[in-house]
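The values are calculated or read from the model by the stated rules, or taken from the named source; none is laboratory data. Just so it is clear, the model here is predicted, and its values are computed rather than measured. When we count neighbours, we look across all protein chains shown, and the Cβ atoms used for this are built from the backbone with ideal geometry, even at glycine. For accessibility, only protein heavy atoms count, side chains too; no ligands or nucleic acids. Shrake-Rupley method; radii C 1.70, N 1.55, O 1.52, S 1.80 Å.
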Amino acid sequence: MKTIDLVQQRRSCRIYSEQKIELEKIDQLKKIALWSPTSKNNRPWEFVFIDDKSLLEELSACKPHGAAFLKNAPLAIVILADPNKSDVWIEDCSIAASFLQLGAEDLGLGSCWIQIRERTHSSGSTASEQVKKLLHAPANLETASIIALGYKGKERRPYTDEDLLTERIHLNQFK
Ligand SMILES: Cc1cc2nc3c(=O)[nH]c(=O)nc-3n(C[C@H](O)[C@H](O)[C@H](O)COP(=O)(O)O)c2cc1C
């Protein structure tokens, strides 16, 4: 599918079917993550693919709101990075997350971004620390986000031209 069609069609998907994601598609997602561009080609990120049901359930409680649906997802990709490897690790992780979401759409999968960086766990510690504890992640890493993935359990309407905030596009200067 053309990129413009993927961008128009992609909507956050938080309800997944029982259908298993084929290993071939998981391999393609790994390549998409690792081919995503980074500043100075520093590649400061790490990607943890998670298909373990009980771990997905524990991760779904890593922050009080906006992650609960993860317990019913067949797959999650946790994106972490070492801030000492790049001063723009947040951008690098965000690009990988976006590539993964568009790639997922192209593979016929639904996905949703779960924000972890700057979020707190209910205990008062950070959501990032909670995720790192569950994954036994090295101390030098920070968690940026989690991408939940799976076959769509519910279709959502694609975007249309009526959804475009055309006033946010400017030519040369703000008028
Ligand atoms: C940086 C970022 C953080 C997000 N965090 C969450 C989140 O923690 N939980 C969630 O359910 N959705 C999250 N989303 C999904 C947004 O709510 C969603 O993209 C937005 O409402 C637009 O809907 P759409 O994805 O269907 O276009 C996040 C999206 C972005 C880009």
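At-a-glance table
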item: Residue count for the stretch 84-134, restricted to those that are within 16 Å of the ligand (Cβ to nearest atom), part of a helix (DSSP H, G or I) and out of contact with any His (no Cβ under 8 Å at 6 or more places or on another chain); result: 20
item: Matching residues, the stretch 77-100, being more than 19 Å from Thr126 (Cα to Cα), open to solvent by less than 20 Å² (accessible area, probe 1.4 Å) and within 15 Å of the chain's Cα centre (by Cα); result: Asp92, Ala96, Ala97, Leu100
item: Criterion violated by Met1 - all others in (1) away from the ligand (no atom under 16 Å from the Cβ); (2) modelled with pLDDT of 95 or more satisfied; result: (2)
item: Hey, Asn72 farther than 17 Å from Thr143 by Cβ, open to solvent by 30 Å² or more (accessible area, probe 1.4 Å), touching a residue at least 40 places away in the same chain (Cβ under 8 Å) and within 16 Å of the ligand (Cβ to nearest atom) or not; result: yes
item: Residue list for the stretch 29-54, restricted to those being surrounded by 15 or more Cβ atoms within 10 Å (Cβ to Cβ) and assigned to a helix (DSSP H, G or I); result: Leu29, Ile32, Ala33
item: Single residue of the stretch 4-28 satisfying the filter (within 16 Å of the ligand (Cβ to nearest atom) and without any contact (Cβ under 8 Å) to a residue 12 or more places away in the chain) that is most open to solvent (accessible area, probe 1.4 Å); result: Ile4
item: Subset of the stretch 55-83 [of a type in the set (A, V, I, L, M, F, W, C) and either in a loop (DSSP other than H, G, I, E, B) or touching a Ser or Thr at 6+ places or on another chain (Cβ under 8 Å) (or both)]; result: Ala61, Cys62, Ala67, Ala68, Phe69, Leu70, Ala73, Val78, Ile79, Leu80
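Let's see how each residue does on (1) modelled with pLDDT of 95 or more; (2) small (Gly, Ala, Ser):
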{"position": "Pro44", "(1), (2)": "yes, no"}
{"position": "Gly66", "(1), (2)": "yes, yes"}
{"position": "Gly124", "(1), (2)": "no, yes"}
{"position": "Pro138", "(1), (2)": "yes, no"}
{"position": "Leu141", "(1), (2)": "yes, no"}
